[in-house]
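Following: one structure in C-alpha coordinates, then a few remarks.
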Amino acid sequence: MREKSDEATTLGVDWDAAAAAFDEEPDHGLRDPGVRAAWARRLRGWLPERGCDLLDLGCGTGSLSLLAAEQGHRVTGVDLSSAMIDLARAKLAGRDAVFLVGDAAAPPVGERLFDTVLVRHVLWTLPDPARVLRHWRGLVRPGGRLVLVEGVWGTVTPVGIPADRLTALLAPLTGHARVERLSEDAGLWGAAVTDERYAVVATV
(Lines give C-alpha, C1' and ligand atoms only; values in the text may rest on other atoms or scores of the structure.)
Protein backbone atom coordinates (compact mmCIF):
# COMPACT_ATOMS: atom_id res chain seq x y z
CA MET A 1 0.00 0.00 0.00
CA ARG A 2 1.33 3.43 -0.83
CA GLU A 3 1.06 6.60 1.13
CA LYS A 4 -1.34 9.37 0.23
CA SER A 5 -0.91 12.42 2.45
CA ASP A 6 -1.05 11.21 6.05
CA GLU A 7 -3.87 8.73 5.51
CA ALA A 8 -3.70 4.98 5.01
CA THR A 9 -5.46 5.31 1.68
CA THR A 10 -4.96 3.22 -1.44
CA LEU A 11 -7.17 3.15 -4.54
CA GLY A 12 -9.61 5.44 -2.78
CA VAL A 13 -10.03 3.15 0.24
CA ASP A 14 -9.37 4.45 3.75
CA TRP A 15 -7.85 1.31 5.27
CA ASP A 16 -7.91 2.71 8.81
CA ALA A 17 -11.67 3.06 8.50
CA ALA A 18 -11.96 -0.35 6.85
CA ALA A 19 -9.87 -2.18 9.44
CA ALA A 20 -12.69 -3.04 11.86
CA ALA A 21 -14.62 -4.96 9.19
CA PHE A 22 -11.63 -6.23 7.19
CA ASP A 23 -11.65 -9.74 8.67
CA GLU A 24 -15.26 -10.34 7.70
CA GLU A 25 -14.12 -11.41 4.22
CA PRO A 26 -13.41 -15.17 4.36
CA ASP A 27 -9.91 -14.90 2.91
CA HIS A 28 -9.04 -11.89 5.09
CA GLY A 29 -9.96 -13.06 8.57
CA LEU A 30 -9.55 -16.80 7.90
CA ARG A 31 -12.18 -17.38 10.58
CA ASP A 32 -13.73 -20.39 8.87
CA PRO A 33 -11.72 -23.49 9.81
CA GLY A 34 -11.74 -24.77 6.24
CA VAL A 35 -10.47 -21.49 4.77
CA ARG A 36 -7.85 -21.22 7.48
CA ALA A 37 -6.67 -24.78 6.84
CA ALA A 38 -6.51 -24.16 3.08
CA TRP A 39 -4.24 -21.14 3.52
CA ALA A 40 -2.11 -22.98 6.09
CA ARG A 41 -1.53 -25.80 3.59
CA ARG A 42 -0.51 -23.35 0.89
CA LEU A 43 1.87 -21.53 3.21
CA ARG A 44 3.56 -24.79 4.16
CA GLY A 45 4.28 -25.33 0.48
CA TRP A 46 5.49 -21.79 -0.14
CA LEU A 47 7.61 -21.13 2.95
CA PRO A 48 10.82 -22.87 4.06
CA GLU A 49 10.40 -26.02 6.13
CA ARG A 50 12.49 -24.59 8.94
CA GLY A 51 11.68 -21.39 10.79
CA CYS A 52 12.81 -18.35 8.83
CA ASP A 53 12.81 -14.57 9.03
CA LEU A 54 9.67 -13.58 7.12
CA LEU A 55 8.59 -10.12 6.00
CA ASP A 56 4.83 -9.84 5.42
CA LEU A 57 4.20 -6.69 3.39
CA GLY A 58 0.74 -5.16 3.32
CA CYS A 59 0.02 -7.55 6.18
CA GLY A 60 -3.39 -6.10 7.03
CA THR A 61 -4.71 -7.55 10.27
CA GLY A 62 -2.04 -10.23 10.30
CA SER A 63 -4.00 -13.33 9.31
CA LEU A 64 -1.23 -14.79 7.14
CA SER A 65 1.36 -13.59 9.64
CA LEU A 66 -0.39 -15.64 12.31
CA LEU A 67 -0.37 -18.78 10.18
CA ALA A 68 3.33 -18.27 9.45
CA ALA A 69 4.12 -17.74 13.14
CA GLU A 70 2.20 -20.90 14.00
CA GLN A 71 4.44 -22.74 11.55
CA GLY A 72 7.54 -21.54 13.40
CA HIS A 73 8.56 -18.50 11.36
CA ARG A 74 9.75 -15.19 12.82
CA VAL A 75 7.47 -12.53 11.38
CA THR A 76 7.87 -8.85 10.66
CA GLY A 77 4.68 -7.31 9.30
CA VAL A 78 4.32 -3.93 7.60
CA ASP A 79 1.16 -2.06 6.69
CA LEU A 80 0.42 1.59 6.00
CA SER A 81 -2.70 1.47 8.19
CA SER A 82 -2.04 1.95 11.89
CA ALA A 83 -5.49 0.50 12.63
CA MET A 84 -4.61 -2.68 10.73
CA ILE A 85 -1.30 -2.89 12.57
CA ASP A 86 -3.04 -2.54 15.95
CA LEU A 87 -5.28 -5.49 15.08
CA ALA A 88 -2.31 -7.54 13.87
CA ARG A 89 -0.41 -6.88 17.08
CA ALA A 90 -3.39 -8.03 19.11
CA LYS A 91 -3.88 -11.10 16.92
CA LEU A 92 -0.26 -12.18 17.35
CA ALA A 93 0.23 -11.13 20.98
CA GLY A 94 2.83 -13.40 22.55
CA ARG A 95 4.13 -14.65 19.20
CA ASP A 96 7.57 -14.09 17.67
CA ALA A 97 6.28 -11.19 15.58
CA VAL A 98 6.85 -7.47 15.16
CA PHE A 99 4.54 -5.11 13.29
CA LEU A 100 5.50 -1.76 11.80
CA VAL A 101 3.46 1.04 10.27
CA GLY A 102 4.93 1.84 6.89
CA ASP A 103 4.70 1.68 3.11
CA ALA A 104 4.88 -1.85 1.68
CA ALA A 105 6.69 -0.47 -1.37
CA ALA A 106 9.52 0.83 0.85
CA PRO A 107 9.19 -0.95 4.21
CA PRO A 108 10.88 0.67 7.22
CA VAL A 109 13.24 -2.22 8.00
CA GLY A 110 16.58 -0.48 7.52
CA GLU A 111 19.36 -2.78 6.32
CA ARG A 112 17.73 -5.92 7.60
CA LEU A 113 17.43 -8.90 5.24
CA PHE A 114 14.87 -11.70 5.27
CA ASP A 115 14.65 -15.30 4.13
CA THR A 116 11.18 -14.78 2.69
CA VAL A 117 9.17 -11.77 1.56
CA LEU A 118 5.44 -12.56 1.48
CA VAL A 119 3.03 -10.17 -0.25
CA ARG A 120 -0.66 -10.77 -0.94
CA HIS A 121 -2.83 -8.56 -3.17
CA VAL A 122 -0.58 -5.49 -2.91
CA LEU A 123 1.72 -5.33 -5.93
CA TRP A 124 -1.08 -4.64 -8.40
CA THR A 125 -2.03 -1.47 -6.51
CA LEU A 126 1.43 0.08 -6.86
CA PRO A 127 2.30 2.47 -9.70
CA ASP A 128 5.69 0.98 -10.64
CA PRO A 129 5.70 -2.78 -9.99
CA ALA A 130 9.10 -3.30 -11.62
CA ARG A 131 10.78 -0.81 -9.30
CA VAL A 132 9.01 -2.24 -6.26
CA LEU A 133 10.05 -5.79 -7.14
CA ARG A 134 13.67 -4.69 -7.42
CA HIS A 135 13.44 -3.18 -3.96
CA TRP A 136 11.81 -6.27 -2.50
CA ARG A 137 14.46 -8.45 -4.15
CA GLY A 138 17.07 -6.44 -2.28
CA LEU A 139 15.44 -7.36 1.03
CA VAL A 140 15.92 -11.10 0.47
CA ARG A 141 18.99 -13.04 1.57
CA PRO A 142 20.76 -15.18 -1.04
CA GLY A 143 18.87 -18.43 -1.37
CA GLY A 144 15.68 -16.85 -0.07
CA ARG A 145 12.39 -16.36 -1.84
CA LEU A 146 9.62 -14.00 -2.84
CA VAL A 147 6.09 -15.30 -2.36
CA LEU A 148 3.61 -13.12 -4.26
CA VAL A 149 -0.13 -13.79 -4.23
CA GLU A 150 -1.88 -11.76 -6.92
CA GLY A 151 -4.65 -11.95 -9.48
CA VAL A 152 -6.91 -10.17 -11.95
CA TRP A 153 -10.42 -9.28 -10.80
CA GLY A 154 -13.47 -8.25 -12.82
CA THR A 155 -14.53 -8.78 -16.41
CA VAL A 156 -15.76 -5.43 -17.79
CA THR A 157 -12.87 -3.35 -16.45
CA PRO A 158 -10.50 -5.91 -14.92
CA VAL A 159 -7.90 -4.82 -12.41
CA GLY A 160 -4.82 -6.63 -11.19
CA ILE A 161 -1.65 -8.09 -12.64
CA PRO A 162 -1.68 -11.24 -14.81
CA ALA A 163 0.65 -14.08 -13.88
CA ASP A 164 2.58 -13.91 -17.15
CA ARG A 165 3.32 -10.22 -16.62
CA LEU A 166 4.50 -10.82 -13.06
CA THR A 167 6.79 -13.67 -14.03
CA ALA A 168 8.25 -11.52 -16.82
CA LEU A 169 9.01 -8.76 -14.32
CA LEU A 170 10.66 -11.28 -11.99
CA ALA A 171 12.76 -12.99 -14.68
CA PRO A 172 15.78 -10.62 -14.51
CA LEU A 173 15.64 -10.50 -10.70
CA THR A 174 15.25 -14.09 -9.57
CA GLY A 175 16.14 -17.64 -10.39
CA HIS A 176 13.44 -20.26 -10.67
CA ALA A 177 9.87 -19.02 -10.35
CA ARG A 178 6.85 -21.28 -10.19
CA VAL A 179 3.22 -20.29 -10.58
CA GLU A 180 0.45 -21.94 -8.58
CA ARG A 181 -3.05 -21.36 -9.88
CA LEU A 182 -5.40 -20.65 -6.99
CA SER A 183 -8.72 -19.93 -8.67
CA GLU A 184 -9.75 -23.59 -8.64
CA ASP A 185 -9.16 -23.93 -4.89
CA ALA A 186 -12.49 -22.66 -3.56
CA GLY A 187 -11.37 -23.48 -0.03
CA LEU A 188 -9.05 -20.48 -0.07
CA TRP A 189 -11.84 -18.02 -0.82
CA GLY A 190 -14.83 -19.47 1.01
CA ALA A 191 -16.66 -19.92 -2.31
CA ALA A 192 -16.03 -20.75 -5.94
CA VAL A 193 -14.34 -17.98 -7.96
CA THR A 194 -13.90 -17.52 -11.71
CA ASP A 195 -11.27 -14.78 -11.94
CA GLU A 196 -7.51 -15.28 -12.15
CA ARG A 197 -5.90 -15.85 -8.77
CA TYR A 198 -2.43 -17.27 -8.37
CA ALA A 199 0.79 -17.30 -6.37
CA VAL A 200 4.34 -16.97 -7.66
CA VAL A 201 7.17 -18.41 -5.59
CA ALA A 202 10.53 -17.14 -6.86
CA THR A 203 13.94 -18.04 -5.47
CA VAL A 204 16.80 -15.54 -5.42
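The values are calculated or read from the model by the stated rules, or taken from the named source; none is laboratory data. Model, not experiment: these values are computed from the prediction. Please note: Cβ atoms are built from the backbone with ideal geometry, for glycine as well, and neighbour counts cover all protein chains shown. These accessible areas exclude ligands, DNA and RNA; they are computed on the full protein's heavy atoms, side chains included. Shrake-Rupley method; radii C 1.70, N 1.55, O 1.52, S 1.80 Å.
Grab the alpha carbons of region 114-175, take their convex hull, and tell me the volume per residue in Å³.
Details: hull volume 4.7 nm³, N = 62.
Dividing the Cα hull volume of region 114-175 by its residues yields 75 Å³.
Of L123, L113, which has the most accessible area with a 1.4 Å probe, and how do the rest follow in descending order?
Values: L123 0, L113 65 Å².
From most exposed to least exposed: L113, L123.
Please report the base-10 log of the normalised intensity I(q)/I(0) for region 154-201, using a Debye sum with one equal scatterer per alpha carbon and no solvent, at each q in 0.24, 0.31 (1/Å).
Log10 I(q)/I(0), no solvent term: -0.92, -1.14.
Just to verify a number: FRET efficiency for R134 and S183, C-beta to C-beta distance, R0 = 30 Å, to 0.05?
FRET efficiency, R134 to S183: 0.60.
Can you send over the solvent-accessible area of E70, 1.4 Å probe, protein chains only, in Å² to the nearest 10?
80
Calculated FRET efficiency, V156 and A37, Cβ-Cβ r, R0 25 Å, to nearest 0.05?
Result of the calculation: an efficiency of 0.15.
When the helices in the chain are scored as -39500 (n - 2.57) per DSSP H run of 4 or longer and the sum is shared across all residues, what 222 nm value do you end up with, to the nearest 500 deg cm²/dmol?
-8500 deg cm²/dmol
Under a 5 Å amide H to amide H cut-off, with H placed in plane at 1.01 Å, what residues pair with F99 once short-range neighbours are removed?
G77
Which residue, W15, V152, A37, has the largest displacement toward the positive end of the dipole of the chain when charges sit on each Cβ (Lys, Arg +1; Asp, Glu -1)?
A37
So, taking all protein chains as they sit and a 1.4 Å probe, how much accessible area belongs to T194, in Å² rounded to tens?
150
Just subtract the alpha-carbon distance of A20 and R112 from 0.36 nm times their residue separation and send over the number in nm, one decimal.
Net length gain for the segment: 30.0 nm.
Sorted from largest down, what three extents in whole angstroms do the Cα atoms of the chain have along their principal axes?
If we take the Cα atoms of the chain, the spans are 43, 38, 37 Å.
Can you tell me, using C-alpha contacts under 8 Å and at least 6 residues apart, the relative contact order of the chain as a whole percent?
Numbers: 406 pairs, mean separation 37.9, N = 204.
In percent, rounded to a whole number, it is 19.
Sorted from largest down, give the three principal axis spans of the alpha carbons of region 94-204, whole angstrom values.
Taking max minus min along each principal axis of the Cα atoms, region 94-204 gives 42, 39, 25 Å.
Explain nothing, just the number: relative contact order of region 100-204, from Cα pairs under 8 Å at least 6 residues apart, as a whole percent.
It rounds to 28 percent for region 100-204.
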